[in-house]
Amino acid sequence: MDVTARRLSRFCLSAAAIAFAFVAAGSRADAQQNFPGFVITTPSPAVQKPEVRKPKRPAAPKKRKRRTVKRRAAPKPRKTSKLAIVMLVNDSPITNFEIEERAKLMALSGDVGKRAAANFKALVSNPRTNERLKAILQRTISENQGQPRQVIVRIFERRKKAFAQRLRQRAVSSARRAAVSGMKRRAREELIAERLKVQEAKRLGVTVSKERIDKAFADVAKRNGKTAADFAKQLRRSGASSHTMKAKFKAQIAWAAVLGRRFRRLVSVSQRDVDDFLGQRSSGDASRVQLALITLPVRDILDQQSVARRLSEGDSLRRQFRDCGSASGLASGISGAKFQNLGTRDPNKLSEPTRSMALSANGNEMLPPTLGKNAVEVYIVCGKSTASGSFEARQSATRQLERREIEILGRRHLADLRRDAHIEIR
């Protein structure tokens, strides 16, 4: 029905166009006849050509879009987790966290201070540091325009001090990271050895109580002049932890018990060994020294001329010294000098450098003059006495020699355990 209607409409349009053409032609002819001599031109309407439609081509089938599968990029290698197990020692795990913590603890006994000083010196000598300092000065001036010069200088000094503190912290952090990185291999080896020691202790039925570990930690804190809590805080500020140190103490205590059980019966120290040991010590480590002291007072310790004069008088006494009996007479020949017989003293209670000089001196020897609190002091070593023959000294020497032999046997036993162990590194 729709097709028929379209055809009729086309036909009507064509017929109307033809009829209009005939009418136009007739009117042009009438116009030429009615008005001779005039030509009236009537515009002919545009003849509409019948629209010829091109046959529609059949629609091409739609192409299916290819599905592009995006390939996933290869996963980036993940950083090793702190709690990841990196080693197994006879099925006993060692994590990356334990290695990091042990390396931090070991780094405390390293040369972090020297490295930090070298890093700080390099930072200070860097030209960029000087430029940053200049920028701080310029910013301080621009922010405080109109202020007195003293105020600006005070603000700049405060900012410069804070800047130097940041540089120092950066130097220490860098030195600590370098020290920890260098200690990781040693930390791994130490943890492997400790796992073997603890496993051997467990095999022999050796247990270490928490109280004993805490006591060992408290003893170390006391030797450092701190309580256990304060010492733990100091370790934490330094980057280490008290838990790591206590784990190390546990392995050490357990291993000492293991060596005692296995080797104490096998170790024998003869009296000749004790005599030789005490004889070696007596040459440089006397237990008591007999001292005398000549004091040369100085009115003003900051007066360099007075101090130099007294030191010169002390050197003169050394040149004239013959023995302790004549020391008192030598002192009486110098104005203001005072002689004292100090008797027998423990050299370990003397201050340095007097202690070291007294231990290395022979009997009947005057030491070089040293500067005291308000005087120049000249010590005289009149004699030495060792404790080689005492019962306590021989007992102490015997224990030290036994400990030395047990440590040698312990190193061999640990090497055997390491050789027979199954160690898996992941």
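Just so you know, in the stretch 277-295 the residues that are open to solvent by less than 50 Å² (accessible area, probe 1.4 Å) and in a strand (DSSP E or B) include one that is modelled with the lowest pLDDT, and it is V289. Of the residues I408, I380, I423, the single one that is closer than 30 Å to Q199 by Cβ, in contact (Cβ under 8 Å) with a residue 40 or more places away in the chain and not basic (K, R) is I423. Checked across the stretch 191-209, the condition of being in contact with a strand residue (DSSP E or B) (Cβ under 9 Å, 6 or more places away or on another chain) and of a type in the set (V, I, T) holds for at least one residue. Kindly provide the set of residues from the stretch 296-329 that are open to solvent by less than 70 Å² (accessible area, probe 1.4 Å) and either modelled with pLDDT under 80 or in contact with a helix residue (DSSP H, G or I) (Cβ under 6 Å, 6 or more places away or on another chain) (or both), ordered by number. Residues satisfying the conditions are L296, V298, I301, D303, L317. Residue under question is V86, and the condition is that it be within 30 Å of S238 (Cβ to Cβ) and either open to solvent by less than 80 Å² (accessible area, probe 1.4 Å) or touching a residue at least 12 places away in the same chain (Cβ under 8 Å) (or both); does it hold? Answer is yes for this residue. Only a single item in (1) under 30 Å from A179 (Cα atoms); (2) crowded, with 18+ Cβ neighbours inside 10 Å is not met by S241, and it is number (2). Listed by first and then second residue, the pairs with beta-carbon distance under 8 Å, at least 6 apart or on different chains, first residue in the stretch 319-346 and under 20 Å from A375 (Cβ atoms), second open to solvent by 70 Å² or more (accessible area, probe 1.4 Å) and of a type in the set (S, T, Y), are F339/S332.
For Q199, which of the numbered conditions (1) over 28 Å from A397 (Cβ atoms); (2) outside any helix (DSSP H, G or I) fails to hold? Evaluating Q199 over (1) over 28 Å from A397 (Cβ atoms); (2) outside any helix (DSSP H, G or I) leaves (2) as the failure. For the stretch 233-266, the tally of residues that are within 16 Å of Q199 (Cα to Cα), among the small types (G, A, S) and in contact with a helix residue (DSSP H, G or I) (Cβ under 6 Å, 6 or more places away or on another chain) stands at 2. Taking the criterion of being of a type in the set (A, V, I, L, M) and open to solvent by 70 Å² or more (accessible area, probe 1.4 Å), no residue of the stretch 142-170 qualifies.
Looking only at the stretch 341-383, residues that are touching a Ser or Thr at 6+ places or on another chain (Cβ under 9 Å), in a strand (DSSP E or B) and under 17 Å from F321 (Cβ atoms) come to 7 in all.
Residue count for the stretch 89-106, restricted to those that are among the polar types (S, T, N, Q), assigned to a strand (DSSP E or B) and either touching a residue at least 60 places away in the same chain (Cβ under 8 Å) or open to solvent by less than 20 Å² (accessible area, probe 1.4 Å) (or both): 1. Among the numbered conditions (1) open to solvent by 90 Å² or more (accessible area, probe 1.4 Å); (2) assigned to a loop (DSSP other than H, G, I, E, B); (3) not basic (K, R), the only one that E392 does not meet is (2).
If you check K226, K233, K222, K215 for being free of Cβ contacts under 8 Å to residues at least 40 places away in the same chain, in a loop (DSSP other than H, G, I, E, B) and either of a type in the set (G, A, S) or open to solvent by 30 Å² or more (accessible area, probe 1.4 Å) (or both), only one passes: K226. Restricting K338, K349 to residues that are loosely packed, with under 14 Cβ neighbours inside 10 Å and under 30 Å from V274 (Cα atoms) narrows the list to K349. The set of residues from the stretch 135-175 being within 30 Å of G113 (Cβ to Cβ) and not in a helix (DSSP H, G or I) is empty.
Condition test on A361, is it open to solvent by less than 80 Å² (accessible area, probe 1.4 Å) and either under 30 Å from A393 (Cβ atoms) or touching a strand residue (DSSP E or B) at 6+ places or on another chain (Cβ under 9 Å) (or both)? Here the answer is yes, as A361 does meet what is asked.
With respect to the conditions (1) part of a loop (DSSP other than H, G, I, E, B); (2) modelled with pLDDT of 90 or more; (3) open to solvent by 30 Å² or more (accessible area, probe 1.4 Å), V206 lacks only one, and its number is (3).
The values are calculated or read from the model by the stated rules, or taken from the named source; none is laboratory data. Just so it is clear, the model here is predicted, and its values are computed rather than measured. Glycine gets a Cβ as well: all are built from the backbone with ideal geometry, and neighbour counts include every protein chain shown. All accessible areas refer to the heavy atoms of the entire protein, side chains included, with ligands and DNA or RNA removed. Shrake-Rupley method; radii C 1.70, N 1.55, O 1.52, S 1.80 Å.
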